[in-house]
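A.B. asks: Pasting a structure below so you can have a look.
The values are calculated or read from the model by the stated rules, or taken from the named source; none is laboratory data. These numbers were taken from a predicted model, which means no experiment stands behind them. Here the Cβ positions follow ideal geometry from the backbone for every residue, glycine too, while neighbour counts run over all protein chains shown. Accessible surface areas use protein heavy atoms only, side chains included; no ligands, DNA or RNA. Shrake-Rupley method; radii C 1.70, N 1.55, O 1.52, S 1.80 Å.
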Amino acid sequence: MRIMHVSAECYPIAKVGGLADVVGALPKYQNLIGADSSVIMPFYNNAFTSKYDFSTIFDSQISLGNELIKFSVLKLSESILDFDIYFIDIKALLFKDYVYSADDTDRFLAFQIATLDWILTLKDKPDFIHCHDHHTGLIPFMTQESYKYESLNKIPIISTIHNAQYQGWMSHDHLYKIPEFNIKNIGLLDWNGVINPLAAAIKCAWRITTVSPSYMEELKIEANGLEDLLSHESLKVVGILNGIDADVWNPETDTFIIENYDVTSIESGKKSNKEWLCSEFNLDQDKPLFAFIGRLVGEKGAELLPDVFEKTLESDDISILLLGSGFKETESKLLELKSNHNGFYNAYIGYDEKLSHIIYAGADFLLMPSRVEPCGLNQMYSLRYGTVPVVRRIGGLKDTVIDIDEDGFGICHESVTVDEIVAAIKKASKFYKNQKVFNKNRKLIMGIDHSWKVSAKAYINLYKSIN
Ligand code: ADP
Ligand code: GLC
């Protein structure tokens, strides 16, 4: 079974968030169970692409409206990943030191057209094309409707919604850039008067998946304008919980962390990682360490964090460390807070893969007060590293974390308010005080298996169910 994943991100090549982790792991786990799964993504100008060698396997040009744009398909020369990876190289549009920007409409339109132009020429075409998020949302439309891709219209397209907040909206002025199709079918592209790639994917893909079962249900009620469409198409929508790459995220072998550990050495392992964090960030290591890692945006409840931290630090005996970036105002408030709580609070504004691993290993609790969380990977990483998740009960968080009061192992709260998050932190601090129970719980959560094994199989079964 040949599967081609099409994505804007893939770990370790280019990562902005969880999409990269998923696309960097799912194909590997699919190959482990006998599939032939590969990835195609844009060729960016970043640390990975400057470090490795690539060979050109195809050269051509696409038409983007009236403009002819040269592109190449590159292949990674060394086999350092557990799946084949191909790149669309368009110097003027894609070869940038960022993944997303303000000019994404043309960049991802060109990426999708070049991808399909190349697939057209392949002798061994994929049996399934698996598209991820709105950046690849026009592929199901184009294979179904554009005359030039008619020979691809029997290849089933699966489209995964990682996040329905972003839909890739573009005005009808861009219509002429999409390879010619019967204009009578323009309705497939349109949602509320604009071209909406995510809506087009929902209408045209053979199957839609969401990254957790709860998120699938939540989208019928709140999907940034796509609720009715998703309800209408509900028969082809399936919720499949993401997994994690249990080789990359393994405290026993993780090369980023300060001391490796397994369930038998968890106490000393976590202690060393915590000590390093506390000395690096000037925090009190005798107090329970609460961490937040993530994008500082409304979906993650991030703008409430300065108030939450202020309140808890006033009354609770804890340390807090934050790693993230996003809204400038939230970043500034989080930085300002440092001076009042020297020794108990610190924030690193930016993106740092290594530091994130050390935080998962060294923290006692991980905070995820998300307003929207289609799946969330952080809580699954934290479980594997014996760090107790404190989460808002939503989306994938609801599907993976059970509260300690319900025979579970984490702390859950219902809504995203300063008071509820503060109360959840208080409940966690109280839980920490009983070290015997706390340590037993850490060992238990390390053993929960969230690897991709089960979900990779679920995707294969989904492909097989398409006829
Ligand atoms: P989302 O994709 O919505 O941001 P996920 O929980 O699916 O959320 O995945 C986030 C991924 O990005 C995780 O691998 C997390 O560790 C990582 N991450 C987020 N922010 C940072 C950061 N500032 N530095 C390092 N890693 C980060
Ligand atoms: C999105 C979602 C996140 C999910 C990730 C991977 O970024 O916001 O919840 O875990 O995609 O599917």
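A.B. asks: Could you tell me the distance between the Cα centroids of the stretch 50-83 and the stretch 191-233, to the nearest Å?
C.D. replies: So the two Cα centres are separated by 31 Å.
A.B. asks: Here's a follow-up. Once both labels are modelled 7 Å past Cα along the beta-carbon direction, what's the residue 100-residue 84 spacing in nm?
C.D. replies: Spacing of the two 7 Å Cα→Cβ label points: 3.0 nm.
A.B. asks: Within 10 Å of each candidate Cβ there may be at most 13 other Cβ atoms; applying that plus a DSSP loop requirement, which trypsin sites (Lys or Arg not before Pro) in the stretch 118-201 survive?
C.D. replies: 123, 154
A.B. asks: Taking just the alpha-carbon atoms of the stretch 277-324, what radius of gyration and Dmax come out, in angstrom?
C.D. replies: 11.4, 32
A.B. asks: Okay, next question. Size of the stretch 266-446 along its principal axes in angstrom, Cα-based, largest extent first?
C.D. replies: Principal extents (Cα only, largest first): 39, 34, 32 Å.
A.B. asks: Enter the mean projected area of the convex hull around the alpha-carbon atoms of the stretch 1-131, in nm², rounded to one decimal. Before the final figure, lay out each step's value.
C.D. replies: Details: hull surface 30.9 nm².
With the hull built on Cα positions only, its mean projection is 7.7 nm².
A.B. asks: Pull up all non-local amide H partners of residue 392: gap of 5 or more, or a different chain, and H-to-H distance under 5 Å with H placed in the peptide plane.
C.D. replies: Amide H neighbours of residue 392: 368, 370, 413.
A.B. asks: Quote the convex hull volume per residue of the stretch 208-363, based on C-alpha atoms, as a whole number of Å³.
C.D. replies: Convex hull of Cα atoms, per residue: 141 Å³.
A.B. asks: Also, I was wondering about something else. List the residues, sorted by chain then number, that are 5 or more residues from residue 84 or on another chain and whose placed amide H is less than 5 Å from its amide H.
C.D. replies: Residues meeting the amide H criterion: 39.
A.B. asks: Could you pull the accessible area for residue 267 with a 1.4 Å probe, rounded to 10 Å²?
C.D. replies: Its accessible surface works out to 90 Å², give or take rounding.
A.B. asks: If you don't mind, another one. Shape of the stretch 246-295 from its Cα gyration tensor (a ≥ b ≥ c, root eigenvalues): rounded if a/c is under 1.5, otherwise prolate when a/b > b/c, or oblate?
C.D. replies: Note, shape of the stretch 246-295 comes out oblate.
A.B. asks: Next question. Show me, bin by bin at 5 Å from 0, the whole-percent P(r) of the stretch 165-280 based on Cα pairs.
C.D. replies: 2, 10, 14, 14, 9, 8, 8, 8, 9, 8, 6, 3, 1, 0
A.B. asks: At q = 0.13, 0.15 Å⁻¹, what log₁₀ I(q)/I(0) does a Debye calculation on the Cα points of the stretch 64-160 give, no solvent, two decimals?
C.D. replies: -0.49, -0.66
A.B. asks: What full-extension length gain, to one decimal in nm, is calculated for residue 57 and residue 172 as 0.36 nm per residue of separation minus the Cα-Cα distance? Each step should come with its number before you reach the end.
C.D. replies: On the way: separation 115, 0.36 × 115 = 41.40 nm, distance 3.43 nm.
That pair, residue 57 and residue 172, stretches by 38.0 nm at full extension.
A.B. asks: Treating the Cα atoms of the stretch 296-351 as identical point scatterers in vacuum, please give the log10 of the normalised Debye intensity I(q)/I(0) at q = 0.13, 0.30 Å⁻¹, two decimals.
C.D. replies: The calculated log intensity ratios at q = 0.13, 0.30 Å⁻¹ are -0.28, -1.34.
A.B. asks: Between the alpha-carbon centers of the stretch 343-403 and the stretch 1-36, tell me the distance in whole angstrom.
C.D. replies: Rounded to whole Å, the Cα centres lie 22 Å apart.
A.B. asks: Now a separate question. Suppose the chain between residue 449 and residue 224 were pulled fully straight at 0.36 nm per residue; how much longer would it get relative to their current alpha carbon spacing?
C.D. replies: Result: 77.8 nm gained on full extension.
A.B. asks: When the distances between all Cα atoms of the stretch 103-210 are binned every 10 Å from zero, what whole-number percent does each bin get?
C.D. replies: It works out to 15, 53, 29, 2, in whole percents.
A.B. asks: Additional query: Could you check the simple spin-label distance between residue 332 and residue 150, using points 7 Å along Cα→Cβ, in nm with one decimal?
C.D. replies: 5.9 nm
A.B. asks: Can you give the calculated 222 nm mean residue ellipticity of the chain, where each DSSP H run of n ≥ 4 adds -39,500 (n - 2.57) and the sum is split over every residue, rounded to the nearest 500 deg cm²/dmol?
C.D. replies: That calculation yields -10500 deg cm²/dmol at 222 nm.
A.B. asks: Roughly how far apart, in whole Å, are the Cα centres of the stretch 240-260 and the stretch 116-171?
C.D. replies: When both Cα centres are located, 32 Å separates them.
A.B. asks: Find which of 335, 276, 302 sits farthest along the positive direction of the dipole of the stretch 266-446, computed with +1 on the beta-carbon of Lys and Arg, -1 on that of Asp and Glu, about the Cα centre.
C.D. replies: Farthest along the dipole direction, towards plus: 276.
A.B. asks: Related question: List the pairs from 430/457; 125/177; 28/96; 91/220; 70/328; 270/430 whose alpha-carbon separation is above 30 Å, in the order I gave them.
C.D. replies: 430/457; 91/220; 70/328
A.B. asks: Here is a follow-up. Taking the Cβ of residue 254 as the center, what net charge do the other residues with Cβ under 13 Å away carry, scoring Lys and Arg +1 and Asp and Glu -1?
C.D. replies: -3
A.B. asks: Let me ask something else about it. Percent of alpha carbon pairs in the stretch 358-460 separated by more than 19 Å? Please list the in-between numbers first.
C.D. replies: Working: 2109 of 5253 pairs.
The proportion of pairs with Cα distances above 19 Å equals 40 percent.
A.B. asks: Per residue, what volume in Å³ does the convex hull of the Cα atoms of the chain enclose?
C.D. replies: So the per-residue hull volume is 143 Å³.
A.B. asks: Per residue, how large is the accessible surface of the chain? Use a 1.4 angstrom probe and give square angstrom.
C.D. replies: 40 Å²
A.B. asks: As an exercise, identify the GluC sites (Glu not before Pro) in the stretch 358-439 lying in DSSP coil whose Cβ has no more than 14 other Cβ atoms within 10 Å.
C.D. replies: Sites meeting the loop and neighbour criteria: 414.
A.B. asks: Assigning unit charges at the beta carbon (Lys, Arg +1; Asp, Glu -1) and nothing else, what dipole magnitude in debye, to the nearest 20, does the chain show about its Cα centre?
C.D. replies: Dipole magnitude for the chain comes out near 720 debye.
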